[in-house]
1. Taking only C-alpha pairs under 8 Å that are 6+ residues apart, what is the relative contact order of the chain in percent?
2. Can you check what the net charge comes to around Gln67, using other residues whose Cβ is under 12 Å from the Cβ of Gln67 (Lys, Arg +1; Asp, Glu -1)?
3. On a 0 to 90° scale, report how tilted helix 106-143 is relative to the longest principal axis of the chain, with both axes built from alpha carbons and the result rounded to the nearest 10.
4. A 22 angstrom limit on the alpha carbon distance is what I want to check against. Which of Lys20/Lys95; Lys20/Lys118; Lys79/Lys110; Lys6/Lys153 exceed it?
5. Which aspartates and glutamates have a Cα lying under 18 Å from the Cα of Lys140, excluding residues fewer than 8 positions away in the same chain?
6. What is the Å³ per residue value for the convex hull set by the Cα atoms of segment 65-184?
7. Rounded to the nearest 0.05, what FRET efficiency is calculated for Lys176 and Asn51 with R0 set to 30 Å and r the Cβ-Cβ distance?
8. Between helix 74-83 and the chain, what is the angle of the helix's C-alpha long axis to the longest principal axis, kept within 0 to 90° and rounded to the nearest 10?
Amino acid sequence: MSPETKAYDQKMLKTIEVVKSNFAAVRAGRANAGVLDRITVEYYGTPTPLNQVAAISSPDPRTLMIQPWDGSLLKAIEKAIQTSDLGINPQNDGKVIRLAFPQLTEERRKDLTKQVRKYGEEGKVALRNIRRDAMEEFKKKKKASELTEDDLKQLEKELQDLTDKRCKDIDELTAKKEQELMAV
């Protein structure tokens, strides 16, 4: 891999990490602390990620337990979960908050599969945008006589191969997450 395409590969890898985090936020009927990663709580006037103000554990496969380090945060955490797109009603017993994950219905599984495909497609669009930006950059260098015609062709081919590889990675991640969702 040439130094010119290395920087763009790093951007593509970051895009794949974003897709992975989007997939982690899609709940698959099992309790997974990753679904809480996007939830923030007002803590001393600052929006703070939930995992920084509470201990999150999973006592059984269908339950998450959230135990705030500061008891005064219980109501704020409960409200943050209710207003999120999680779709689960928190149960507050005064000390901890429990989230019970219901069994997914077939219809809900299909909806979540569509959402996963959408995230995968958004990731691939982002990869193609990175490729387009790189191509424009290479063409500018060619125009400024910093690259020869052969170098440009070589870089374009290398970049296309890289883009295809990263798109394939996203397709594999998408298929794996879809399989996880459709497993009963």
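Nothing in this text is a laboratory measurement; each read-out follows from the coordinates by a stated rule. Just so we're clear, the structure is a prediction, and the values are computed from it rather than from any experiment. Virtual Cβ from ideal backbone geometry, glycine too; neighbours counted across all protein chains shown.
1. Values: 204 pairs, mean separation 45.2, N = 184.
Reported as a whole number, the value is 25 percent.
2. On the way: positive: Lys95, Arg98; negative: Asp70, Asp93.
After counting each charged neighbour, the total is 0.
3. 30
4. Working: Lys20/Lys95 32 Å; Lys20/Lys118 13 Å; Lys79/Lys110 28 Å; Lys6/Lys153 16 Å.
Table pairs above 22 Å Cα-Cα are Lys20/Lys95; Lys79/Lys110.
5. Partners within reach: Glu4, Glu149, Asp150, Asp151, Glu156, Glu158.
6. Values: hull volume 19.1 nm³, N = 120.
So the per-residue hull volume is 159 Å³.
7. Numbers: r = 24 Å, r/R0 = 0.80.
It comes to 0.80.
8. The angle comes out near 50 degrees.
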